[in-house]
Amino acid sequence: MNILVINAGSSSLKYQLFDMDTETVLAKGLCERIGLDGHLKHTPLVGDKVVYNEDIELKDHSVAIAAVIDKLVSAEYGVVSSMSEIDAVGHRVVHGGEMFNESTLITAEVMKAIEDCIPLAPLHNPANITGIKACQEVMGEDVPQIAVFDTAFHQTMPEKAYMYAIPYSYYKNDKIRRYGFHGTSHRYVAAKAAELMGKPAEDIKIVTCHMGNGSSICAVDGGKSVDTSMGFTPLAGLPMGTRCGDIDAGIMEYIMNKYDVNIKDMMNILNKKSGMVGVSELSSDFRDLGDAKDNDQAQLALDMFCYSVAKTVGSYVVAMGGVDAIIFTAGVGENSRSVRAAVCKYLKAIGAVMDEDKNNACRGEADIATDDSAVRLWVIPTNEELVIARDAKVIVSK
Ligand code: AMP
């Protein structure tokens, strides 16, 4: 069974085509600047086909999907012989609100529910919907489309973890609550950790640290998310590449009044000009910060990030009443030895002891805790696309 995985943004579209009998990626690629001048990079990963990397007119998402399929089936760049060899499409959908606690086959009713969640994710859900509609248009209604939600995994959080201490009517009338994001990634690495540790997921407590450009932490108790650091929006929790994370809401009023900043510009500051780039005044990229050893502000930004990660992990250990393993994943978690080491320095307090040699030698999947550490420390590369393809396969097979 071949499954196409689509992650549609407002002007971009990432894709991977999986052979789900072997769980191998047949091809992957990226459409950029959709609606502008357009560019498509398509990389076949099997056979002797060549990479396609060209500026190409992509006036909308339907044209982009058609261009992707054209490459997937072409003699020169293709990996399947016709569109009929694509059995289903799995879509990343950012917000499923309280409606969806698992992945689902997209019907007219589901489409309406995803549209109803637009106010909760005004930048992301419209793009995801455009991607779904484009696939339906180009591939026809008979090819099943499956939605996999970033928020779904966190729907198991208890009320005390997802409610905000603001007037209850905002929850009742407007559904203002913590939703959490990166659910697909947290779910994947938590399940993988249980598998690697040879223990049933139901029997263990895990804290997963997704540390990338956007970062979030999740407390996974018995395979279920019981708390997470992102909130109503992905702005909450840790300081990130360009996002501020948790701040005192009073700061907004102070800045807006003092500098005559309107709410739109204020949100732009908090989403795009804060976090690592805001504090360092250098870069949002963790590699640049790590390289800038003599730059105090760059080092301060990194210190703030690692401190915040450790503090959140500690709070989740208390929330769960213990922890068996802590997982590091995503761009920074998988690749930055120094960030892992700085976070783990704090974690000694909860009995998690990192082995420096194992941390330095780590490539891909590895347990980097000392043999006698009371808590395991795992680095596990995330694979959100594979989860989307697996969910789509399960749903289609039903
Ligand atoms: P992601 O959003 O998961 O793609 O992660 C992107 C972040 O990972 C960027 O800030 C990169 O700087 C960071 N990253 C990737 N490779 C490394 C590395 N070798 N060392 C430190 N940070 C890295």
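Read-outs: derived from the displayed coordinates by stated rules, not from any lab. This structure is a prediction, so every number in the text was calculated from the model and none was measured. Heads up, the Cβs are rebuilt from the backbone with ideal geometry, glycines too, and the neighbour counts pull from every protein chain shown.
Here are some notes:
- Kirkwood-Stokes translational diffusion coefficient of the range 165-223, alpha-carbon pairs, 4 °C, 1.567 mPa s, µm²/s: 98 µm²/s
- Tilt relative to the chain, helix 296-320 - C-alpha long axis, 0 to 90 degrees, to 10: 90 degrees
- Size descriptor for the range 246-342, Kirkwood hydrodynamic radius: 15.4 Å (Cα pairs only, one decimal).
- Part-to-part distance (alpha-carbon centres) for the range 26-61 and the range 203-257, which is given in Å: 33 Å
- Neighbour-count order for E253, E85, fewest beta carbons within 10 angstrom listed first: E253, E85
- Helix 250-259 and the long axis of the chain differ in direction by around 80°, with both axes built from C-alpha atoms.
- Helix 183-197 and the long axis of the chain differ in direction by around 70°, with both axes built from C-alpha atoms.
- 5 Å-binned pair-distance histogram of the range 114-262 (Cα, whole percent): 2, 8, 14, 16, 18, 16, 12, 9, 4, 2, 1, 0
- Inter-centroid distance (Cα atoms) of the range 330-398 relative to the range 66-102, Å: 29 Å
- Of the residues M157, M83, M139, the one that moves most in a GNM of the chain with alpha-carbon contacts below 10 Å is M83.
- A Gaussian network model of the chain, with springs between Cα atoms under 10 Å, assigns the largest mean-square fluctuation among A108, A147, A193 to A108.
- Whole-percent P(r), the range 335-398, all Cα pairs, 5 Å bins from 0: 4, 17, 22, 16, 10, 8, 9, 7, 5, 1.
- Rg and Dmax of the range 71-156, both derived from C-alpha coordinates alone, stand at 14.4, 47 Å.
- Taken along its three principal axes, the alpha carbon spread of the chain comes to 57, 55, 45 Å, from the longest extent down to the shortest.
- Each of R363, R287, R390, R33 has some number of other Cβ atoms within 10 Å of its Cβ, and from fewest to most they run R363, R287, R33, R390.
- One equal scatterer on each Cα of the range 1-141, no solvent, Debye formula: the resulting log10 I(q)/I(0) at q = 0.12, 0.13, 0.14, 0.22 Å⁻¹ is -0.47, -0.55, -0.64, -1.37.
- Neighbour-count order for K112, K345, fewest beta carbons within 10 angstrom listed first: K112, K345
- Most mobile listed residue (Y307, Y52, Y162) in the chain, GNM with C-alpha springs under 10 Å: Y52
- Taking 4 °C and 1.567 mPa s as conditions, the range 186-298 diffuses translationally at an estimated 81 µm²/s according to Stokes-Einstein applied to its Kirkwood radius (Cα pairs).
- Descending semi-axes in Å of the range 1-67, equivalent ellipsoid built from Cα gyration tensor: 23, 14, 8
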